[in-house]
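> One structure follows; several queries about it will come next.
Read-outs throughout are calculated quantities, based only on the coordinates presented, and are distinct from any laboratory measurement. Being a predicted model, the structure only gives us computed values, none of them experimental. Cβ atoms come from the backbone with ideal geometry, glycine included; neighbour counts cover every protein chain shown.
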Amino acid sequence: MGLDVIISVIFTLALFTFVFAKDNPVYNTAEHIFVAVGAGHAVVASYWVLRNNAWDLLVTKGNTTVLLPILLGLLLFTRYIKSISWLTRPSIALIVACGAGLGLRGSIRVDFLDQIVATFLPFNSIDNIIFVVGTVATITYFFFTGTYTRAFQGRLKVLPQVGQWFMMVAFGASFGQSVMGRLAVLVGKISFLLKDVLRIGM
Amino acid sequence: MFIVPRLVTLYIMLVVCGVIVLQIERAKRGAGIKIRRIPALEAMTEVVGRATEMGRPVHFTAGVGNLTTRGAQAMMASLEILSYLSEMAARYNSKIITTVAQGDVYAVSEEIIKGAFIRAGHPDAYSPDMIRYLSDSQFAYAGGIAGIITREQCVANVMIGHFAAEALYIAESAHLAGAVQIAGTTNMYQLPYLIAACDYVLIGEELFAAGAYFGKNLVDLGALSGQDFARLFAVALIIIGVALGTVGNKWLTDFLAFK
Amino acid sequence: MRRSLPVLIAIVVGIGMVFDLFLKLPLLNNPMAEVRNWMPIMTSFAVIVGCVGLLNVHYKNIQRKRPGWYNSVILWAVMLSVIALGCTKGTRDATYSFIFNNVLVASSTTLSAVGALFLASSGFRAFRATNTNATILLISGALVMLAQVPIGEAIYGQIPNIGNWIMNVPNNAGQRGIMIASGVGFITVCLRIMLGYTRSYLGGGE
Amino acid sequence: MNFWEKMEKVDVRIIFVVVIIAIAIPLVKPLGLPMKVMPMSQQVYDYIEKMPNGSKVFLSFDYGTGSIPELEPAAKAFLTHFFRKGFKVYTMASTADGGMVSQMCMAGFEKLGKVYDKDFITLGYFAGGEAGIAAWSADAKKVFQRDARGTPIDQLAMMKDIKTVKDFTLGVTVNSGPGGYGTVEAWVRQVPIVYKTPFIVAPGGAMVANTIPYIQAGQIQGMIGGLRPSAEYELLLKEPGLGVAAMDAQSAAHSIMIAFILLGNAAYFALRKRPGARQ
């Protein structure tokens, strides 16, 4: 058994102790190391992005257009200095606004228009009818204001109710699908402990 | 100048955004928009009342998100709910425990709860012990909450905000402790678990309605009403499109799908 | 100034980015492409800022000798060594890959596996058909689960087709309804940022 | 205390041990249950099979280390198919972890004789999430000044005629939904909609249900969602691998899961009728 397997096993078992005893020292230490490596890797990956996409361009190619994003990025560090922490705001505003703009322009087609058009199914099969009714009913669940809302609370009460059922089927489906993903990790771990470590069932 | 295949998208965008902005502006001028009842939010009042009766605390947590990147929108909406919940708790003289997983959320929660107790006229009832920072790592955080809910015999567990895989563990622990659970998240992957294990759940968008529901946040209220019009527009389009499709007419499909 | 300049930036960049998609106008397209190219740089700084925050929290733990402070010392030592190694030798270095594979991969998969165990215990202790909604959810979930595994087919040959139908018809309808409804919500969130209605992301104070 | 009351109070650790044993048994003694290939996997397989040899495809590793057991089978199945068809493969990652995972995964194919910069390149991690995707789609060389091995991008033969994402015949994301990074939604919003590049998604199981509307709306070409479809894909490739191997253990684990839900509910209904029970 190589050093790699030994270290993997140590971390696997140390973190597994959590299910049998919450808040035990072995788990706590292993978890801190895990967090440290994860965060450290995030810093390293970011460092190389900055080095390749900013520093190299600036120093070796003399490309000065990267100066502005570098400056704005550095300003983010002022959040740790109370008196000038407001200097982070232009940078945050830029990041948030860029994300909002990109999100809005894509979403209008992806989540709204295309989805509406894809629901234009002729009423010629039971599946199509279920589909259209389900989609419309689900949307009506998310009405919050206005006089038509009062209708959905009164005479048309059945619509949001049906919508809720469709959502429950959807959440159930999502749950049923996710179980395999979650169990996959457990299966992988047990398989690792059995086959790579204990060498059973090879 | 205009990219022709994208024009239809542009028109639809202008309609949707236009109606939202219009409603926000109308609400700001006091258009008296009414909001429907939301059971999970209604239950919150009930829960606080019960906490007073039984002399046991309510637990609140906003999850593992932070205020900048991870689930920031949900976290901000959640902290708004915390503000109303703690004000209610202060009014009814019941105990509230808030647990947090992130440094920035801790700082803001402290301000919010302090402010709520002052607004309710009980600044002396506030104690820093009401806010507890547990850990920024998800399972350690969840383990901490499980301990608190069991030890302090919380009458209710309100978990609204951004949750990941730890959501289930918290919900299960609270369920075993017999707490009434009100949950809510915009993270659709965690919603199934919360619905299966909790008594009341705010589904996705309902979370953002809270600000308008409890408070006098007129921009929120207007935005909510604008969104309703946009959704009504979607429903209308679907009904027209389906009707036309059923009789074999495809012009609306062709018009909207033009790209 | 401290608040209005950031809001102005948000308005200009947000609206500019939206119309960048619809207009062929170099005067707009070029600066917007430039702003997009800044994002990898700026968000990389943001990641580092976040990690500095983590170090900061643990520094305070050590300074005040809070319970478990020695773990914070370990965290500092490990994190700084990983950073030093990765930044000097690169991520293709043998030692670096070794740490990544045998500490990070082993630990994160273990924590996910722990999550799976909690899932199993919740299945027994918390997933109760207490009301109509939970009942529908559990039935749909159980059928889809059975459809996922070969044993479902072994029990009843039609199970995969039933699962497939649930996924493609009622689930699809529900998901699409949620998608349209929450898509409008998402659009509103973006719009409020772009038009300066939402400023909370800038933090409190003046 | 009757049977159900005892069940309700059972120590959670007993449940954990039961689950672990249930998974371990089929791993040691596989049952070899047969498995049907579902239409969705067949559709993706056929789509790729019909693409011309030598097509340029990109595959993005958008998952963290915690999702390796679930998503690696899908990534490997795709790559096997791509190489079999003689495609030129460009890999990258929107998460910091994914950058490493992609290199580890490609190292395996390099051992099988695939040549760097002829059959594939690893571009590595790109920062910026959705904005990074948008920037990369518009100008591929701006976001990656160097590949993951430190070679300047202009010196790579495979990058010569790549300008925008339109130069690819197909894009794939293997995706665990990393919040703030390149989620499925972000990819769909920025690539297939804007550039009309065909796109296939391999999401984690939790996201499969949410991704289905995109397929029916024709926004993406298909999906290999989670472990079961990955196993089906391996069967289609006639190369049973990681996915197929775990299926028996999954059968056992799912049966146990459903049994627990049924037992739990039986206990709930049995005890609900008693006075003083919590409703």
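> Could you give the Stokes-Einstein D for chain A in µm² per second, using the C-alpha Kirkwood radius, 4 °C, 1.567 mPa s?
Values: Rh = 24.0 Å.
Roughly 54 µm²/s, to the nearest whole number.
> Additional query: Please compute the volume of the convex hull spanned by the alpha-carbon atoms of the range B:39-214 and report it per residue in Å³.
95
> Once phi is turned into ³J(HN,Hα) by the Karplus curve 6.51 cos²θ - 1.76 cosθ + 1.60 with θ = phi - 60°, what whole-Hz value does each residue of the range A:150-159 show in order, with x for glycine and proline?
Working through the residues one at a time gives 4, 5, 6, 8, x, 4, 9, 3, 5, 4 Hz.
> Here's something else I'd like to know. Show log10 I(q)/I(0) for the range C:1-89 at q = 0.15, 0.18 Å⁻¹, two decimals, from a solvent-free Debye sum over equal Cα scatterers.
-0.76, -0.86
> Rounded to the nearest 0.05, what FRET efficiency do residue B:246 and residue B:11 give with R0 = 25 Å and r taken as the Cβ-Cβ distance? Could you check? Let's see the in-between values first.
Values: r = 25 Å, r/R0 = 1.00.
Step by step, r from the Cβ atoms, then E = 0.50.
> Determine, for D:44, B:235, C:149, A:197, the number of other Cβ atoms within 10 Å of each Cβ, and report the residues in order from fewest to most.
Sorted ascending by nearby Cβ count, the order is A:197, B:235, D:44, C:149.
> Mark the label point 7 Å from the Cα of residue D:104 along Cα→Cβ and return the residues of the range D:37-69 whose backbone N is within less than 11 Å of it.
D:64-69
> May I ask you to give the average projected area over all directions of the convex hull of the Cα atoms of the range B:166-259, in nm² rounded to one decimal?
Average of the hull's projected areas for the range B:166-259 equals 9.4 nm².
> Which GluC sites (Glu not before Pro) in the range B:72-176 sit in a loop by DSSP (not H, G, I, E or B) and have at most 16 other Cβ atoms within 10 Å of their own Cβ? Display every interim value, and only then the final one.
On the way: sites: B:80, B:87, B:110, B:111, B:152, B:166, B:172; in loops: B:152.
When the GluC sites (Glu not before Pro) of the range B:72-176 are filtered for loop state and at most 16 Cβ neighbours within 10 Å, B:152 remain.
> Okay, moving on. What's log10 of I(q)/I(0) for the range B:1-95 at q = 0.15, 0.19 Å⁻¹, Debye sum over Cα points only, no solvent?
-0.87, -1.04
> Based on the Cβ-Cβ distance of residue B:36 and residue C:2, what FRET efficiency does E = 1/(1 + (r/R0)^6) give at R0 = 41 Å, to the nearest 0.05?
0.60
> Evaluate the distance, in nm, between pseudo-label points positioned 7 Å from the Cα of residue B:119 and of residue D:115 along their respective Cα→Cβ axes.
The modelled label-to-label distance comes out at 6.9 nm.
> Per residue, how big is the convex hull around the C-alpha atoms of chain D? Give it to me in cubic angstrom, could you?
Spread over its residues, the Cα hull of chain D gives 162 Å³ apiece.
> Right, next: Treat the count of other C-beta atoms within 10 Å as a stand-in for reagent exposure and order D:78, A:16 from fewest to most.
So the ranking, lowest neighbour count to highest, is A:16, D:78.
> Using a 10 Å cut-off around each Cβ of peptide D:26-33, what is the average number of partner chain Cβ atoms that fall inside?
Mean inter-chain Cβ contacts per residue within 10 Å come to 4.
> Please report how far the C-alpha centroid of the range C:15-61 lies from that of the range B:158-231, rounded to the nearest whole angstrom.
With the range C:15-61 and the range B:158-231 each reduced to a Cα centre, they are spaced 29 Å.
> Can you put C:118, A:34 in order of Cβ neighbours within 10 angstrom, beginning with the fewest?
In increasing order of surrounding Cβ atoms, one gets A:34, C:118.
> Further, regarding this structure: Treating the beta-carbon of each Lys and Arg as +1 and of each Asp and Glu as -1, no other charges, what is the dipole magnitude of the range B:39-214 about its Cα centre, to the nearest 20 debye? Write down the numbers at each step before the final one.
Working: 9 positive and 17 negative charges, 50 e Å.
The dipole magnitude comes to about 240 debye.
> Restricting to bridges with both residues inside the protein assembly as shown, how much of the DSSP beta-bridge set is antiparallel, in percent to the nearest 5?
Here the share of antiparallel DSSP bridges comes out near 5 percent.
> Can you give me the span-like helices of chain C, meaning DSSP H runs with 27 Å or more of Cα extent along the axis and Kyte-Doolittle mean at or above -1.0?
C:4-22, C:26-63, C:69-89, C:106-125, C:170-194
> Still on this structure, please answer the following. May I ask you to work out the translational diffusion coefficient for the range C:160-206 at 4 °C, viscosity 1.567 mPa s, via Stokes-Einstein with Rh from the Kirkwood sum over Cα pairs, reported in whole µm²/s? Please list the in-between numbers first.
Working: Rh = 13.3 Å.
For these conditions, the coefficient is 97 µm²/s.
> Specify the residue with the greatest mean-square fluctuation among D:208, D:191, D:12, computed from a Gaussian network of chain D linking alpha-carbon atoms under 10 Å apart.
Largest GNM mean-square fluctuation: D:12.
> Give the percent of DSSP beta bridges with both residues in chain D that are antiparallel, rounded to the nearest 5.
Among the beta bridges of chain D, antiparallel pairing accounts for roughly 5 percent.
> Oh, and also: Work out from phi, with θ = phi - 60° and the Karplus expression 6.51 cos²θ - 1.76 cosθ + 1.60, the ³J(HN,Hα) of each residue of the range A:192-199, listed in order in whole Hz, and give x for Gly and Pro.
Here the 3J(HN,Hα) series is 4, 5, 6, 8, 7, 9, 8, 6 Hz.
> Looking at this model, which pairs from A:61/D:142; A:189/D:36; A:189/D:9 are more than 21 angstrom apart at the alpha-carbon?
Correct reply: A:189/D:36; A:189/D:9.
> Mean separation of Cα pairs under 8 Å and 6+ residues apart, divided by the residue count of chain D: what relative contact order is that in percent?
24
> Which ³J(HN,Hα) values, rounded to whole Hz and listed in residue order, are derived for the range A:160-173 from phi using the Karplus coefficients 6.51, -1.76 and 1.60 in 6.51 cos²θ - 1.76 cosθ + 1.60 with θ = phi - 60°, glycine and proline given as x?
x, 5, 4, x, 4, 4, 4, 5, 5, 4, 4, 5, x, 4
> State the extension gain, in nm to one decimal, for the chain segment bounded by residue D:37 and residue D:50, taking 0.36 nm per residue of separation less the distance between their alpha-carbons.
Result for the pair: 2.8 nm of gain on full extension.
> Using only the alpha carbon atoms of the range A:121-202, find the Kirkwood hydrodynamic radius as the inverse mean reciprocal pair distance, in angstroms to one decimal.
The answer is 16.2 Å.
> So how much slack lies between residue A:10 and residue A:125, counting 0.36 nm per residue of separation and subtracting their Cα-Cα distance, in nm?
Contour length minus Cα-Cα distance gives 35.6 nm.
> If you take each beta carbon of peptide B:136-149 and count the beta carbons of other chains within 10 angstrom, what is the mean?
3
> Helix-only mean residue ellipticity at 222 nm, chain D, DSSP H runs n ≥ 4 weighted -39,500 (n - 2.57), per residue, nearest 500. What is it?
-16500 deg cm²/dmol
> Percent of Cα-Cα pairs more than 39 Å apart in the protein assembly as shown, please.
Percent of Cα pairs beyond 39 Å in the protein assembly as shown: 39.
> Taking each residue in D:218-231, count the Cβ atoms of any other chain within 10 Å of its Cβ, then average. What number comes out?
Mean shielding by partner chains, rounded to a whole number: 3.
> Take the alpha-carbon centre of the range D:199-243, take the same for the range C:100-114, and report the distance between them in whole Å.
A separation of 24 Å, based on Cα centres.
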